[in-house]
Structure formats: C-alpha cells, structure tokens
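One structure is given below, encoded as structure tokens.
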Amino acid sequence: EGRFSHQVYNALGVENSFDINVFESGLGVRVLEKDHDSCSFELAGIDAPLVNALRRILLSEVPTMAIEHVTIFDNTSVMHDEQLAHRLGLIPILADPSVFDFHEAETPFTARS
C-alpha cells in the first residue's frame, strides 16, 4: 500500500518505484515569507522534476493578463507587424483583468477594450 511501480527500467536493473510513505517522511516545507498576495517557501527532500511540476501547476493558477490581439494601422518601423504583436504579448501587465473587456471585431475601440 502506498507503493507505485513502473516496470519500464527493470530490464536495466533500475528500481524506480515510488513509495508515498518514504516521500512524506523526507519532504520538508518551510515558509520563508507570506503576505496577502505572495508566498515564499523552501522545499527539501524532493526531486527537481517534481518541484518543476509543482512550479508549473502554481503558475498556471495565477490569473494573468496579456496583449493577445493587436491591430496595427500604420507601421513605419523596420519590424514586421507580426513581430511587433508578438513582442507586445510578451510584456507583463500588472492589472486587474476584470476591469477590462475583450475587444470584439468590427466594434469601436473604447477605454476598456
């Protein structure tokens, strides 16, 4: 009970089963700092791939806002429109997404879209 094993590496002589009890006894979490919108913590006794999976899960749950659709009317720069649009999408935006509306095609632009 609590032991999961994949037979993939057995032919190579590698035993890679996962025992939840061993994992729980070796895992350590220490909260370094915490406030209303952020938390810093330290994990010990956990492999890097599991930490990376946890990091990806946490990041996917953080609400974000980015520029997704760009309308360029007159580009006089040496950069292509697509390249400018892509770079605009990479800019991190610190804003409350609920304050903005998505701009629908064929509608006039407003301060909220």
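The values are calculated or read from the model by the stated rules, or taken from the named source; none is laboratory data. All values reported here derive from a predicted model rather than from experimental measurement. All Cβ positions, even for glycine, are placed from backbone atoms using ideal geometry, and neighbour counts span all protein chains on display. We work out accessible area using only protein heavy atoms, side chains counted, and drop any ligands, DNA or RNA first. Shrake-Rupley method; radii C 1.70, N 1.55, O 1.52, S 1.80 Å.
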Nitroxide proxy distance, nm - points 7 Å out along Cα→Cβ at Thr110 and Glu15: 6.6 nm
CD proxy, 222 nm, the chain: helix-only mean residue ellipticity via -39,500 (n - 2.57) per DSSP H run with n ≥ 4, per residue, nearest 500, stands at -7500 deg cm²/dmol
What range in the chain is the longest one free of GluC sites (Glu not before Pro) that are in a loop by DSSP and have at most 15 other Cβ atoms within 10 angstrom? 16-60
On full extension of the chain, what length is gained from Ser77 through Asp96, given 0.36 nm per residue of separation minus the C-alpha to C-alpha distance? 3.7 nm
Cut-off 10 angstrom, C-alpha nodes, Gaussian network model of the chain. Which of Gly28, Gly45, Gly13 fluctuates the most? Gly13
Shape call for the stretch 1-64, from the Cα gyration tensor axes a ≥ b ≥ c (a/c under 1.5 means rounded, otherwise prolate when a/b beats b/c, else oblate), comes out prolate
Given a 1.4 angstrom probe, I'd like the percentage of the accessible area of the chain that is carbon and sulfur, rounded to a whole number. 58 percent
Residues Ile67 and Arg30, FRET efficiency given R0 of 35 Å [Cβ-Cβ distance, rounded to 0.05]: 0.40
In debye to the nearest 20, the charge dipole size for the stretch 1-104, taken about the Cα centre with +1 at each Lys and Arg Cβ and -1 at each Asp and Glu Cβ, equals 400 debye
Distant-in-sequence amide H partners of Asp19 (H built 1.01 Å from N, under 5 Å): Phe4
Please work out whether the stretch 62-113 counts as rounded, prolate or oblate from its C-alpha gyration tensor, where a ≥ b ≥ c are the square roots of the eigenvalues and a/c under 1.5 means rounded, while otherwise a/b larger than b/c means prolate and anything else oblate? oblate
Of Ser38, Phe23, Pro97, which is farthest towards the positive pole of the chain's charge dipole, taken about the Cα centre with +1 and -1 on the beta-carbons of Lys, Arg and Asp, Glu respectively? Phe23
From the C-alpha coordinates alone, can you work out the Kirkwood hydrodynamic radius of the stretch 6-113, in Å? 19.3 Å
Once Phe23, Phe18 are ranked on solvent-accessible area with the largest value leading and a 1.4 Å probe, the list reads Phe18, Phe23
